[in-house]
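J.: Take this structure, written in structure tokens, and hold onto it; I'll ask about it next.
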Amino acid sequence: MQTTDIGATRDRIAAHLVGRERELELTLAAVAAGRDIVLEGPPGTSKTTMLKAITAEWGIPLLFVEGNADLTPAKLVGHHNPARVLREDYSADNFVAGPLVEAMQTGGFLYIEEFNRAPEDTLNTLLAAMADRSIAVPRVGSIPALDTFRVIASMNPYDNQGTTRLSTSVHDRLNRLAVGYQDDDAERGIVALRTDAPGALGEALIADAVALTRATRDHPDIRQGSSVRGAIDCVLVSGQLAGLRGISDPGDAGYRELVYDAMAVCLSGRIHLDEAAETTPERVLREIWEDHFILHPAAAAPG
Ligand SMILES: Nc1ncnc2c1ncn2[C@@H]1O[C@H](COP(=O)(O)OP(=O)(O)OP(=O)(O)O)[C@@H](O)[C@H]1O
Ligand SMILES: [Mg+2]
């Protein structure tokens, strides 16, 4: 691949993203080099957004698979249609491709989310396909992968229940990019892009929702806070609430309570409390809200 091509590709993809220049460049370099990669980061940190933009630019499919205990090698590879097997016996013709074989045949990216939740034999099947760039399917034969086939895995570093510790042989076969949360400027940019919240009220809601959402990531009683998805929903729900309650300006009397109500709906299910914390999501959110609007009002949007 020519470096000038990849530069132009990078620039076109970057136009769809807020920030993430470095992560995009590194991911793109890895896949353009013909390599597979694991993206390790908490939920809502642009992993899918980047991959969708890259595969759209390359004009290839992006196939999603969720890694969990039920993801058997057969589910990943495919199976023979049992009714047809009864009638016709096994043949290449009655094989129904699973996502791995489909990605290989179409030259797509196979995107395995929560990779570390998949059983070991499934991971081994995948590693073999990655190494050989072809897969041997019984009664079908050897299926080669098209050039652009890649395996992209994702993992949540906070996720340690029901996961398998990946063996060193798995790690040795994958590249890895750690992605974290973006800064508050970028998160405000994302929320503005996804909500189109208008005017002074919209601006205040975006700033407050992003600040409050970010605060859930630093609270001592919270093991994992909310991603930017919580802030997006908070702004959208607040906008509707504002209509219902006749609030049109961040200076209006009910504004702060409205933000709390939207927070409770949009963030309480997205925060995961520490097992040892003797509190409730609502109580923790109320503390974060008080801290933002009452103890440190300078940090809050004007109004
Ligand atoms: N850099 C970005 N530019 C524009 N929008 C973004 C960006 N990052 C995230 N978003 C938006 O935030 C939301 C979550 O992003 P995304 O789906 O890419 O996260 P993810 O890392 O795939 O999360 P998960 O691990 O939960 O699948 C989406 O609505 C997406 O549009
Ligand atoms: Mg995703």
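Quick note: the coordinates plus some simple rules give every number you see, no bench work behind them. Just so you know, these numbers come straight off a predicted model, no measurement behind them. We place every Cβ from the backbone using ideal geometry, glycine too, and count neighbours over all the protein chains shown.
J.: Looking for whichever is away from ligand 2 (no atom under 16 Å from the Cβ), over 14 Å from Thr148 (Cα atoms) and among the polar types (S, T, N, Q) here; the options are Thr72, Thr49, Thr45. Which one fits?
T.: Unique residue meeting the criteria: Thr72.
Results for (1) within 16 Å of ligand 1 (Cβ to nearest atom); (2) surrounded by fewer than 20 Cβ atoms within 10 Å (Cβ to Cβ); (3) of a type outside the set (S, T, N, Q), shown as yes or no for each residue.
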{"residue": "Arg35", "(1), (2), (3)": "no, yes, yes"}
{"residue": "Pro42", "(1), (2), (3)": "yes, yes, yes"}
{"residue": "Glu66", "(1), (2), (3)": "yes, yes, yes"}
{"residue": "Arg87", "(1), (2), (3)": "no, yes, yes"}
{"residue": "Asn94", "(1), (2), (3)": "no, yes, no"}
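J.: Report yes if some residue within the range 1-18 is over 23 Å from Val151 (Cβ atoms), without any contact (Cβ under 8 Å) to a residue 24 or more places away in the chain and among the hydroxyl-bearing types (Ser, Thr, Tyr); otherwise report no.
T.: Checked the range 1-18: at least one residue is over 23 Å from Val151 (Cβ atoms), without any contact (Cβ under 8 Å) to a residue 24 or more places away in the chain and among the hydroxyl-bearing types (Ser, Thr, Tyr).
J.: Let me ask another. Take the range 52-61 and flag every residue that is crowded, with 18+ Cβ neighbours inside 10 Å and within 15 Å of ligand 2 (Cβ to nearest atom).
T.: Ala53, Ile54, Thr55
J.: On the given criteria, is Leu146 surrounded by 15 or more Cβ atoms within 10 Å (Cβ to Cβ), away from ligand 1 (no atom under 12 Å from the Cβ) and among the hydrophobic types (A, V, I, L, M, F, W, C)?
T.: It is false that Leu146 is surrounded by 15 or more Cβ atoms within 10 Å (Cβ to Cβ), away from ligand 1 (no atom under 12 Å from the Cβ) and among the hydrophobic types (A, V, I, L, M, F, W, C).
J.: Working only within the range 251-281, note down all residues that are among the small types (Gly, Ala, Ser), over 24 Å from Gly199 (Cα atoms) and exposed (fewer than 13 other Cβ atoms within 10 Å of the Cβ).
T.: Passing the criteria: Gly269, Ala276.
J.: Name the helices (runs of 4 or more DSSP H) wholly inside the range 191-303 in which the number of residues that are acidic (Asp, Glu) is 3 or more.
T.: On the way: elements: 199-215, 228-245, 255-267, 281-290.
Filter on the range 191-303 gives 281-290.
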